[in-house]
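Reading through the structure tokens given below for one structure.
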Amino acid sequence: MDRMKRIKVREQNPLERARNFKEVSMGYDLESAKLEASRCLNCKNPRCVGKCPVSISIPEFIAYVKDGKIKEAAEVIAKASALPAVCGRVCPQENQCEGQCVLGIKGEAVAIGALERFVADYVRENNIDVNIEINKNGRKVAVIGSGPAGLTCAGDLAKLGYDVTIFEALHEAGGVLVYGIPEFRLPKETVVRAEIENVKKLGVKIETNTIVGRTITIDELLEDGFEAVFIGSGAGLPKFMGIKGENANGVFSANELLTRSNLMKAINDDYDTPINIGKKVAIIGGGNVAMDAARTSLRLGSEVHVVYRRSEAELPARLEEVHHAKEEGIIFDVLTNPVEILEDEKGWVKGMKCVKMELGEPDASGRRRPVEIKGSEFVMDVDTVIMSLGTSPNPLISSTTKGLELNKRKCIVINEDNGLTTKKAVFAGGDAVTGAATVILAMGAGKKAAKGIDEYLKAIK
């Protein structure tokens, strides 16, 4: 075995998977996982751990995989992460743990994410219980939102002995894991629901159909005996460009497309929740959500163009997602910017007016600023436009909670050390604080807040 090259993960054929919603990656089998684990150098000062937002003891769990001790590997991961099967699939490891792997300097980094996924899947498929001892302390904490931040915070608090209740606005728990990430990247029944059940086994209660700010307020939760509240409500309010024609029929957000296809099952013929998507679709944006929207549209039978105003090198999406999208036949129109959406006489999209761009000097983000090329205007032949330009927090919670300070981006202001907001006993983390970010960063924020809540409540006991 060449130690500098990782063991390849099995995947569906691109031409086949472009026509179905089955998971693209099929993961490692036991022998492949053991081979890949044997590549790990077990560094004395593992840089990978320092870049993991939830601080998994990576060399330790990989050493167990190498020896075929999968339950022990799962127990190591469980100490730090409540959602290992999710993170192994959607975490941007190349920018975090794997990006720090010593083997990656001259070869390919250890496939840490694929090994984490293998461990989580193996114990689930073989009905192996990962035992965690809990000593209840009788103190109550409320968590708002059952996405990755909320589930992680709730799980960690439950392990510390707290009586935790999650309040979820939708009819199904999981947040963005359920409504935002497509089935072909993150299976709902076998993976997401199983991970949520593991959190519930810790004693966490989940109340769905509860809109905090309308059904009940944070102040009422505090009055009802909850000693602390964690806000992990995410950022579900989509952004638009504000260009002419944006209100035409056939223009909608990536959030709507993904929510209707994932949560409302619009991809299934036996559900009465169809999506009216055209033959030629333009996805505006270049992040992970844009890739999810593009690949979903492709599977619904459309020709798909990803329209991005910078170059391919600046695409913020994971390299793996861009690679998979290209393999499946999605067209990338980079250095292109929409300026107007054209409508027919009935108000439906009949094309999109665009201009070509070139990169100028770096802007405040450090990326080169896109500049319009004069005289480059052209019309792109599309009949559906899907905006994937990011999201911001829904203002409902902040508008119904006195003493909660927001920044200029309408995100909740917190103490970065412990997640405490400007309101007594109220903590926050994830996209509600940062704006749209990754699952693993939201989990890291939930973990930090759980530690902060524990320290806060112990101090006032």
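For this structure, a couple of remarks:
- Close Cβ contacts (under 7 Å, 6 or more residues apart or on different chains) running from residues in segment 261-286 that are touching a residue at least 40 places away in the same chain (Cβ under 8 Å) and on the phi > 0 side of the Ramachandran plot to residues that are crowded, with 16+ Cβ neighbours inside 10 Å and in a loop (DSSP other than H, G, I, E, B) comprise G285/S388; G285/L389.
- The condition of being farther than 29 Å from N288 by Cβ, in contact with a helix residue (DSSP H, G or I) (Cβ under 8 Å, 6 or more places away or on another chain), buried (at least 21 other Cβ atoms within 10 Å of the Cβ) and of a type in the set (A, V, I, L, M, F, W, C) holds for A228.
- Residues in segment 121-154 that are within 18 Å of the chain's Cα centre (by Cα) and in a helix (DSSP H, G or I): P148, A149, G150, L151, T152, C153, A154.
- Failed item in (1) over 22 Å from A445 (Cβ atoms); (2) assigned to a loop (DSSP other than H, G, I, E, B), with V54 passing the rest: (1)
- Pairs with Cβ under 8 Å, 6+ apart, first in segment 211-223 and closer than 14 Å to K423 by Cα, second open to solvent by 80 Å² or more (accessible area, probe 1.4 Å): D219/K402
- G180 within 14 Å of the chain's Cα centre (by Cα) and open to solvent by less than 50 Å² (accessible area, probe 1.4 Å): yes
- Check on K188, closer than 26 Å to N135 by Cβ and within 23 Å of the chain's Cα centre (by Cα): no
- Strands (runs of 3 or more DSSP E) completely within segment 190-261 that count 1 or more residues being at pLDDT 95 or above and closer than 18 Å to A450 by Cα: 205-207, 228-231
- If only residues of segment 287-320 that are part of a loop (DSSP other than H, G, I, E, B) and touching a residue at least 60 places away in the same chain (Cβ under 8 Å) are counted, the one that is surrounded by the most Cβ atoms within 10 Å (Cβ to Cβ) is R309.
- Test: residue in segment 371-382 that is surrounded by 19 or more Cβ atoms within 10 Å (Cβ to Cβ) and in contact with an Asp or Glu (Cβ under 8 Å, 6 or more places away or on another chain): no
- Test: residue in segment 24-36 that is surrounded by 15 or more Cβ atoms within 10 Å (Cβ to Cβ), touching a Phe, Trp or Tyr at 6+ places or on another chain (Cβ under 8 Å), on the phi < 0 side of the Ramachandran plot and aromatic (F, W, Y): yes
- Criterion violated by K423 - all others in (1) within 21 Å of the chain's Cα centre (by Cα); (2) part of a loop (DSSP other than H, G, I, E, B); (3) farther than 23 Å from C91 by Cα; (4) touching a residue at least 60 places away in the same chain (Cβ under 8 Å) satisfied: (1)
The values are calculated or read from the model by the stated rules, or taken from the named source; none is laboratory data. All of these numbers come straight from a predicted model, not from anything done at the bench. FYI the Cβ positions are ideal-geometry reconstructions off the backbone, even for glycines, and counts take in every protein chain you see. Just the protein is used for accessible areas: all its heavy atoms, side chains included, with ligands, DNA and RNA removed. Shrake-Rupley method; radii C 1.70, N 1.55, O 1.52, S 1.80 Å.
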